[in-house]
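Contents: one structure, followed by commentary.
The values are calculated or read from the model by the stated rules, or taken from the named source; none is laboratory data. Given the structure is predicted, the values throughout are model-derived calculations rather than measurements. Backbone-built Cβ (ideal geometry, glycine too); neighbour counts: all protein chains shown.
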């Protein structure tokens with residue numbers, strides 16, 4: 001589908017702009033084909049949806065929602081996926097979707113599926129905050145090793161290529177587009193949110209998850225909850241979470257808040273009771289969260305990442 005520049009000012013009818021059911025990619029494991037497809041959310045704005053699941057060879061470690069925006073003076077790419085192969089297939093998809101060349105890439109946080117596809121975009125500026133870039137540099141090798149272990153051949157040839165320029169919060173003007181970057185904290189130490197002013201499409205990055213258990217290797221739940229309270233006041237027409245189905249409202253923000261509030265309260269109570277980690281893993285979770293994608297694996301990681309901090313806080317408070 002080719003989108004003319006004159007269409008950028010108009011909006012798709014709401015019923016067409018967002019289908020709440022996620023369009024899962026049609027993966028071909030034998031051919032290592034991610035089956036990427038671009039879904040229009042508004043004129044010139046596309047999302048490329050990943051599987052709402054955990055990393056696995058069956059999905060090629062593609063569990064992220066990426067996207068791209070035609071600006072009239074080139075395409076802005078939002079995150080580049082988990083591997084070199086993904087990046088190459090994403091760039092080919094962009095070329096089939098719009099006649100505009102890729103002009104720039106932006107990374108919304110430091111996690112591996114936000115930037116390990118960068119080798120396919122080595123010829124254009126790749127932006128991230130200074131905090132995100134430093135985190136990527138610090139952890140890139142462990143990301144590569146972990147995703148190779150999880151997804152094998154999908155990761156062949158993938159070597160981390162870091163951002164090449166700094167993204168700063170504020171207005172970002174590209175071609176005919178006026179975009180806004182807002183920086184939050186809590187999921188990581190620097191969580192960018194990208195807002196397309198013309199369409200009301202918001203790419204929320206790792207700040208928001210939809211029907212999927214949040215990832216927490218760098219999380220600070222209290223800070224994250226404060227960021228979500230601030231983010232919740234933003235006007236939006238379409239919300240693209242990092243993982244899970246696109247929404248035509250802010251309901252995924254409330255979902256993420258409920259989960260983090262439960263996690264924080266549950267871990268604090270269990271730590272005060274002296275529960276060990278195995279007991280925390282066996283503790284009853286609300287049915288809503290048990291039904292979300294990746295609960296079995298991701299909640300275990302939540303416990304490993306976060307529960308020791310709650311134990312330490314209780315021990316510290318108990319000292320005379």
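Give 198, 160 a once-over and let me know the one that is in contact (Cβ under 8 Å) with a residue 40 or more places away in the chain, surrounded by fewer than 23 Cβ atoms within 10 Å (Cβ to Cβ) and within 25 Å of residue 88 (Cβ to Cβ). Reasoning before the result, please.
On the way: 198 fails: within 25 Å of residue 88 (Cβ to Cβ).
Result of the check over 198, 160: 160.
Which residues, counting only those in segment 173-184, are free of Cβ contacts under 8 Å to residues at least 24 places away in the same chain and farther than 18 Å from residue 208 by Cβ?
Within segment 173-184, 173, 178 qualify.
Among all residue pairs at least 6 apart or on different chains, which show Cβ distances below 8 Å where the first residue, located in segment 91-103, is closer than 15 Å to residue 119 by Cα and the second is assigned to a helix (DSSP H, G or I) and modelled with pLDDT of 95 or more?
91/120; 91/121; 102/91; 102/94; 102/121
If you check residue 276 against the conditions, is it touching a strand residue (DSSP E or B) at 6+ places or on another chain (Cβ under 9 Å) and either at pLDDT below 95 or more than 20 Å from residue 66 (Cα to Cα) (or both)?
Answer is no for this residue.
Identify, from the list 313, 294, 304, the residue that is touching a strand residue (DSSP E or B) at 6+ places or on another chain (Cβ under 8 Å), surrounded by 11 or more Cβ atoms within 10 Å (Cβ to Cβ) and farther than 14 Å from residue 262 by Cα.
Values: 313 fails: touching a strand residue (DSSP E or B) at 6+ places or on another chain (Cβ under 8 Å); 304 fails: touching a strand residue (DSSP E or B) at 6+ places or on another chain (Cβ under 8 Å).
One residue alone meets the criteria, 294.
Does segment 224-240 include one or more residues that are crowded, with 19+ Cβ neighbours inside 10 Å and under 13 Å from the mean Cα position of the chain (by Cα)?
Taking every residue of segment 224-240 in turn, at least one turns out to be crowded, with 19+ Cβ neighbours inside 10 Å and under 13 Å from the mean Cα position of the chain (by Cα).
Which count do you get for residues in segment 147-182 that are farther than 26 Å from residue 62 by Cβ and in a loop (DSSP other than H, G, I, E, B)?
4
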